[in-house]
Amino acid sequence: MPAMDGAALAPSARKGVTVLGATGSIGLSTLDLVSRHPDRFRVDTLTANSNVAELARLAVDHGAALAVVADPDRYRDLKDALSGTGVRAAAGPEALVEAAQGDSEFVMAGIVGSAGLAPTLAAVRRGADVGLANKECLVCAGDIVMAEVARAGGKLLPVDSEHNAIFQVFETERAAQVERIILTASGGPFRTWTREAMGEATPEAAVAHPNWSMGAKISVDSATMMNKGLEMIEAFHLFPVEPAQIDVLVHPQSVIHSMVEYVDGSTLAQLGSPDMRTPIASCLAWPERIHAPSPKLDLAALGQLTFERPDFERFPALRLARYCLESGSEAATVLNAANEIAVAAFLDRRLGFLQIAETVERALETVGRQTTSTLDEVVALDAEARRVARAIIEKAGH
Ligand code: NDP
């Protein structure tokens, strides 16, 4: 029986929701929550990259008005799959942007990679409330995205569990009294592995995260700890802190999702089971709260929570991300793009696990320093970094 919070709303008062990346891990969790609160939400538009069968099924099941597939070659398949259902079909990158420009009050940015930048920015620019899971778009173009958030006046609600935790305990009006923010990290599946063992790591081992069930790319990022690096940069854009105020703490149980330390020695934390439906629910319902089916915490059963310092030697991606955080947004654009190419090559078995960070480091050394102040310049730099990373991988004979 779906949980209902508060009085039922008239259909017109329900919050319209568009889910970019509906077929992914974040997208499915979002739809799970939305379907538990039919009195609060209606589904307007769902998008995917190429998984037409799943997209069509979700669109019909959730009563969406429009389904969009990013790959234009899949348009005919999507149209056929939706024939007679009343759900409209569209395809291609422009259709993805138009989907984000619709009139949904809430847009979940759940596409993986900087492919999500254009539609996320489109939703931000029209002042929608945006649930931001797609951290790569802030790492790639954080200055531009945040300037548009400020201009358009919508709310950017962090979905990433760490940033959602900080969002919940960061007292914006007392930002000057924040000493530091502490991003917790599970340490990933290779937390206790030696570098030699990591050298042999397979994609299967890398995506087998101990605590979280996630898409392949972020799972590999967790294994290299690049995920925490991307999150440091994401945190810098989301919260009014300096790079030196952003710390990482390994916490293998993933119960404390992050913390904010204030000048008086108070440290505020948000805790919860490792289930993305809690931070997603907090974004969907913001500024209210709705019931989520995530298991409630049983701290007595857990017994203890443990902490370790991050190891920048075994996990060089953290060091690279720290360098980019301190050297500015252009380096972060290169870091993100090269990482996307290297992770894809690793998942494709064309690159070893340790070569992911090596490829990113070489790309950072190779791509010349340049200034990016417009979106076109960021997109050009992203493309250049991808080209360089591909060449590094090919030259290494992978
Ligand atoms: P998944 O790989 O599970 O899903 C990705 C989604 O994006 C799918 O719907 C996919 O469509 C779509 N997609 C992929 N490539 C493109 C493209 N080029 N153009 C348009 N759509 C595309 O990823 P996750 O749900 O795990 O992650 C999504 C984002 O959320 C990432 O940025 C990740 O870092 C972030 N995040 C995820 C968490 C998690 O628990 N999963 C936690 C915190 C953040 P298709 O199915 O057709 O390929």
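The numbers here are math on the coordinates, done by the rules we state, and not lab data. The model shown is predicted, which means the values in this text are computed figures rather than measured ones. Quick reminder, even Gly has a Cβ in these numbers, built from the backbone with ideal geometry, and neighbours come from all protein chains shown.
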* Asked: To the nearest 20 debye, what is the magnitude of the charge dipole of the chain about its Cα centre, counting +1 on the Cβ of each Lys and Arg and -1 on the Cβ of each Asp and Glu?
  -> 580 debye
* **Near-label residues of segment 226-249 by backbone N, under 17 Å of a point 7 Å along Cα→Cβ of R195** => 226
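Over segment 256-398, what number does the Rg to Rh ratio reach, with both radii from the alpha-carbon atoms and Rh per Kirkwood?
Checking Rg against Rh, the ratio lands at 1.08.
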* To do: Using only Cα positions of segment 238-332, each an equal point scatterer, no hydration layer, compute I(q)/I(0) via Debye at q = 0.16 Å⁻¹ and quote the log10 values to two decimals.
  => -0.96
* **Over the chain: helical MRE at 222 nm, DSSP H runs n ≥ 4 each giving -39500 (n - 2.57), nearest 500** => -14000 deg cm²/dmol
* Average the reciprocal distances over every distinct pair of alpha-carbons in segment 125-194, invert the result, and give the Kirkwood radius in Å. => 14.2 Å
* Fewest-first sequence of T172, T47, T372, T366 by Cβ atoms within 10 Å of each Cβ -> T172, T366, T372, T47
* **Qualifying GluC sites (Glu not before Pro) for segment 283-390 [loop in DSSP, other Cβ within 10 Å: at most 12]** => E288, E313
* Asked: Rounded to a whole number of µm²/s, how large is the Stokes-Einstein D of segment 1-157 at 25 °C and 0.890 mPa s, given Rh as the Kirkwood radius over C-alpha pairs?
  -> 158 µm²/s
* Asked: Using Cα pairs under 8 angstrom and six or more residues apart, how large is the relative contact order of the chain, in percent?
  -> 14 percent
* Cβ-based charge dipole, the chain, positive-most Cα from M259, P310, A380 -> A380
* To do: Please compute P(r) over all alpha-carbon pairs of the chain, binned at 10 Å starting from zero, and give each bin as a whole-number percent.
  => 5, 23, 33, 27, 11, 1, 0
* Candidate aspartates and glutamates for bridging to K228, where Cα separation is under 14 Å - those fewer than 8 sequence places away on the same chain excluded -> E136, D160, E162, D247, D311
* **Space enclosed by the convex hull of the alpha-carbon atoms of segment 137-262, per residue, Å³** => 116 Å³
